[in-house]
Amino acid sequence: MEIEQIIFSACRGGWPGFLARKSERAQLQIARDYIDSVCETDISTVDGVKRNPLWASQILRSYARNISTLAKESNILKDVASASGAISHDTLSSYIQAFERLFIIQDIEAWCPSIRSATAIRSGKKREFCDPSIAVAASGLKPEYFMTDLQSFGFIFENLCIRDLRAYSAKYEGKISYYHDRYNLEADCVLHLREPDLLIVITGTEFAYRRLDGVFVIPIGCLRG
């Protein structure tokens with residue numbers, strides 16, 4: 001896949017409904033319509049608690065701004081407060097839990113390889129969506145934007161890779177975490193499987209190969225379940 005195709009795939013998302021829509025514009029609209037429905041209706045019906053659609057939308061927008069980062073809930077709280085008025089931390093947590101139940105967001109826990117390690121391991125949650133298209137739609141952005149801002153797309157791309165790894169490893173009981181220590185040594189994603197260890201770099205390039213040090217370089221378009 002070329003970079004333009006990867007960007008469009010991330011913005012379109014993995015919704016089965018896109019197969020029935022011929023135009024790219026119609027395919028991109030699926031995620032937008034979905035989050036509108038979630039914020040207006042589903043966020044309240046998921047557990048019977050009446051919630052504010054504006055707050056729901058602002059929380060998703062803040063999550064999108066902080067996608068694939070270790071942003072604290074306090075940062076998200078400030079974003080929402082600056083845009084639509086102050087809300088309490090308990091209220092924010094309630095919305096986040098509702099989004100998790102709706103399979104909108106799916107944060108990643110930190111992995112600590114040794115409980116006796118002397119190295120300080122970051123333990124905050126990494127902010128991720130179940131599908132990167134939700135983040136794009138919540139931000140109001142289009143694929144064309146990311147062609148001029150590949151740095152920002154890198155965070156969307158990370159979410160895209162995590163989504164696919166989750167999906168393809170589910171039948172093998174795979175679990176996802178991340179690693180980041182105080183020395184900024186990090187692994188964006190740690191996939192736990194009952195299989196031999198592999199070191200993999202997932203890229204937006206077009207060719208797969210094995211490096212001399214044994215690390216596999218695999219384009220996102222070559223991942224298979």
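See the values below:
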{"item": "Which listed pairs, of 50/126; 50/72; 125/171; 126/171; 78/142; 22/175, have C-alpha distances above 32 Å, in listed order", "result": "22/175"}
{"item": "Table column - 3J(HN,Hα) (Hz), region 28-38, Karplus curve with 6.51, -1.76, 1.60, x for Gly and Pro", "result": "5, 6, 4, 5, 5, 5, 5, 5, 4, 5, 5"}
{"item": "Rg to Rh quotient for region 169-225, alpha carbon positions, Kirkwood Rh", "result": "0.98"}
{"item": "Total charge dipole magnitude, the chain, about the Cα centre, Cβ charges on Lys, Arg, Asp, Glu only, Debye to nearest 20", "result": "200 debye"}
{"item": "Solvent-accessible ranking of 192, 180, largest area first, probe 1.4 Å", "result": "192, 180"}
{"item": "Global size of region 96-168 as Cα Rg and Dmax, reported in angstrom", "result": "15.0, 47"}
{"item": "Protein accessible area in region 124-225, 1.4 Å probe - carbon and sulfur %", "result": "55 percent"}
{"item": "Per-q log10 I(q)/I(0), region 1-88, q = 0.16, 0.18, 0.21, 0.23 Å⁻¹ (Debye; single scatterer per alpha-carbon; no solvent)", "result": "-0.81, -0.94, -1.07, -1.13"}
{"item": "The chain: antiparallel DSSP beta bridges as a percent of all, rounded to 5", "result": "65 percent"}
{"item": "Average accessible surface area per residue within the chain, 1.4 Å rolling probe, Å²", "result": "58 Å²"}
{"item": "Rounded to the nearest 10 Å², the accessible area of residue 19 at probe 1.4 Å", "result": "140 Å²"}
{"item": "Choice from 159, 184, 75 showing the highest fluctuation, given a GNM over the chain with Cα pairs closer than 10 Å", "result": "184"}
{"item": "Two-decimal log10 I(q)/I(0) for the chain, as the Debye equation yields it once each C-alpha is a single scatterer, q = 0.10, 0.18 Å⁻¹", "result": "-0.49, -1.46"}
{"item": "For region 25-86 and region 198-223, distance of Cα centres in Å", "result": "34 Å"}
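The values are calculated or read from the model by the stated rules, or taken from the named source; none is laboratory data. None of these values were measured; they are calculated from a predicted model. When we count neighbours, we look across all protein chains shown, and the Cβ atoms used for this are built from the backbone with ideal geometry, even at glycine. Remember, those area values only see protein heavy atoms, side chains included, never the ligands or the DNA or RNA. Shrake-Rupley method; radii C 1.70, N 1.55, O 1.52, S 1.80 Å.
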